[in-house]
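Novice: Can you keep this structure in mind? I'll have questions shortly.
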Amino acid sequence: MGTAVEKIFSRKAGRTVHSGEIVTVEVDCYMMHDLNGPVALDYFDQFHEKVKSPERGLISLCHLSPAPTAGAADHHKRLRDFAKAAGMDLIDTGKGVCHPAVIESGKVFPGCVAVGTDSHSAHYGALNCFSTAMGASEIAVIMATDKTWFRVPRTICIELNGQPKGYVCAKDIALEILRRLGETGALYTCLEFTGSTFEYLSVDERSVIGNLMIETGAKGAIMPCDRILEQWLSLRGIGYDPSLAVTADPDAVYEKKISINVAELEPLVAVPPTMNEAVPVKSLDRIQVDQVVIGSCTNGNYGDFEIAASVLKGKKVHEGVRLLIIPSLESTALKMAETGIYKDLLDAGAVIIPPSCGPCAEMHCGLLGAGETAFATTNRNMAGRMGSRMAQVYIGSPATAAFTAVSGFITVGGA
């Protein structure tokens, strides 16, 4: 018997393992970005080693990109030079945000183990793998050895059934899960997803859900390998061994099981200062906003902007509201330009920012001042996350964001 994560670690360890055991395994893909990548290099330099398998690594310049300070530019230069010398792939300025770029890289595939120096690295579980966050020192060890250790996580099964209705998006599904589990309800567990809803969720939408599961304390989030994922991999020329795809055994032992009827959900919003305080949009009392942000690693995909443009086309952003649009990948930006979505958004009054993390991690490109309020499709809303600690950030879907940008207050569906 085995859960999906137990089966991944059993194969990697060469023996049957269960939750609670300590294993040392090879890592198939690792990522470090420009915030803690330089620290990882500081540790790695102490080993006096060469990168063992540079083809497994990715360096992403996305948090401080384009470089807002001379110090950031120095970090970027060091990482660029290291990537070139080591033969490691680089996601340079404007090319994309780390997590979406990683799953598009071809280095992540069903059944693999992937890690990143970013708390939201569970994102990659959309490809039916185990992925999680690592510290800079751990990434340095992986660069030198290809290996790391884990305590095999316990598993919570999340069953999603039914088709989303109206303006309910993947972000709303994620917020419902966060609401049910709370901030520590999945501490050091792996969330294993199943159910009929996946017939209606693209890989991009699955990644939105996986990305946010760290807000429950989860170690990882594994989505199913199905026809939709297989087609996604095929379109990108990402080959994999089908025998590595993981599904739990019928007698797998779960910590608990949560079932959600997605067809009954309505648009939700995470009320600051936590992501787990999710309430229906309609329950809010006309909360005025100064800024709307659509983008980042969670909702910077083409489908997200397609939804936003369908609401905004032919309309204007409300007076006094700043609408920031941040694609997660260069390829997304190019497609938006080719299909006319960029023009629709610009005509509505949006400001277009190059593919990057933008203001999400309180770095640059649209920070908030004291007393300001934002609605964003990003992934955290604690005090100071997007600028001043005296500002507030509400989190929700691209559909809600677009209606909010037009109305000037948090709403969805033109209410």
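The values are calculated or read from the model by the stated rules, or taken from the named source; none is laboratory data. What you are looking at is a predicted structure, and each value in this text was computed from that prediction instead of being measured. For neighbour counting, all protein chains shown are included, and Cβ atoms are generated from backbone atoms with ideal geometry for every residue, glycine included. What goes into the accessible areas is simple: the full protein's heavy atoms, side chains included, and nothing from ligands, DNA or RNA. Shrake-Rupley method; radii C 1.70, N 1.55, O 1.52, S 1.80 Å.
Novice: Residues that are open to solvent by less than 20 Å² (accessible area, probe 1.4 Å): find the strands (runs of 3 or more DSSP E) completely inside region 220-283 holding 2 or more of those. Can you show your working first?
Specialist: Numbers: elements: 220-222, 256-261, 268-270, 278-280.
Strands (runs of 3 or more DSSP E) meeting the threshold: 220-222, 268-270.
Novice: Can you confirm whether residue 11 is closer than 30 Å to residue 326 by Cβ and either free of Cβ contacts under 8 Å to residues at least 60 places away in the same chain or open to solvent by 50 Å² or more (accessible area, probe 1.4 Å) (or both)?
Specialist: Answer is no for this residue.
Novice: Search region 51-78 for residues that are open to solvent by less than 10 Å² (accessible area, probe 1.4 Å) and pair each with any residue that is among the basic types (Lys, Arg) when their beta-carbon atoms are under 7 Å apart and the residues are at least 6 apart or on different chains.
Specialist: As it stands, the answer is 58/107, since those pairs meet every condition given.
Novice: Taking residue 413 as the residue in question, decide whether it is assigned to a loop (DSSP other than H, G, I, E, B), open to solvent by 10 Å² or more (accessible area, probe 1.4 Å) and within 16 Å of residue 307 (Cβ to Cβ). Walk me through it before giving the result.
Specialist: Working: assigned to a loop (DSSP other than H, G, I, E, B): yes; open to solvent by 10 Å² or more (accessible area, probe 1.4 Å): yes; within 16 Å of residue 307 (Cβ to Cβ): yes.
Yes.
Novice: If I go through region 166-200 residue by residue, how many of them are closer than 23 Å to residue 247 by Cβ, among the β-branched types (Val, Ile, Thr) and either open to solvent by 10 Å² or more (accessible area, probe 1.4 Å) or in contact with a Leu (Cβ under 7 Å, 6 or more places away or on another chain) (or both)?
Specialist: Our first condition is that a residue be closer than 23 Å to residue 247 by Cβ; within region 166-200, this holds for 170, 173-174, 177, 181, 186, 188-200.
From what's left, among the β-branched types (Val, Ile, Thr): 173, 177, 189, 194, 197.
Subsequent filtering for residues that are either open to solvent by 10 Å² or more (accessible area, probe 1.4 Å) or in contact with a Leu (Cβ under 7 Å, 6 or more places away or on another chain) (or both) retains 173, 194, 197.
Looking only at that region, the number is 3.
Novice: Moving to a separate point now. With the structure loaded, tell me whether residue 132 is under 23 Å from residue 4 (Cβ atoms) and among the β-branched types (Val, Ile, Thr) or whether it fails that test.
Specialist: Criteria met by residue 132.
Novice: Select from region 311-321 the residues that are without any contact (Cβ under 8 Å) to a residue 60 or more places away in the chain and either open to solvent by less than 90 Å² (accessible area, probe 1.4 Å) or assigned to a helix (DSSP H, G or I) (or both) and list them in ascending order.
Specialist: 314, the sole residue that qualifies.
Novice: Going through region 80-134 one residue at a time, which ones are without any contact (Cβ under 8 Å) to a residue 40 or more places away in the chain and assigned to a loop (DSSP other than H, G, I, E, B)?
Specialist: Correct list: 87, 88, 92.
Novice: Given the conditions (1) assigned to a helix (DSSP H, G or I); (2) open to solvent by 50 Å² or more (accessible area, probe 1.4 Å), report the number of the one that residue 163 does not fulfil.
Specialist: (1)
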